[in-house]
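The values are calculated or read from the model by the stated rules, or taken from the named source; none is laboratory data. Just so it is clear, the structure is predicted and the values come from calculations on it, not from any experiment. Neighbour counts are summed over all protein chains in view; Cβ atoms, including those assigned to glycine, are modelled from backbone coordinates with ideal geometry.
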Amino acid sequence: MKVRYKKTGTEVAASGFNVHAIGEVLTGDDTVYIKDLDVFLPALNAWKDMNEAFQDHDLIVDDYNTYFFEPENDAERERGWRA
């Protein structure tokens, strides 16, 4: 997914969590806290605060809580994760 740093506006690709820390996303060679990122959501065609995207289930996680992505259907959105 496309994410951007809130402070600088720099866009990078990310799709997974740092499994050795809480609330951090892997972005290439770096890890960044979720609170410091916006995510581009193609379904909304807009940027959204990453915390809000998770709270609103615009982003969901896999059942191992290692990757994140947009839900493919209403059942995933309601559940908040993908099997």
If you take the residues in the stretch 60-83 that are hydroxyl-bearing (Ser, Thr, Tyr) and part of a loop (DSSP other than H, G, I, E, B), which one is modelled with the lowest pLDDT? Tyr64
Could you run through the stretch 34-47 and say how many residues are more than 11 Å from Val12 (Cα to Cα), assigned to a strand (DSSP E or B) and touching a helix residue (DSSP H, G or I) at 6+ places or on another chain (Cβ under 9 Å)? 1
Within the stretch 8-26, how many residues are assigned to a loop (DSSP other than H, G, I, E, B) and not aliphatic (A, V, I, L, M)? 7
Filter pass, Gly28 being surrounded by 13 or more Cβ atoms within 10 Å (Cβ to Cβ) and among the small types (Gly, Ala, Ser): no
Take Val12 and decide whether it is at pLDDT below 95 and over 9 Å from the mean Cα position of the chain (by Cα). no
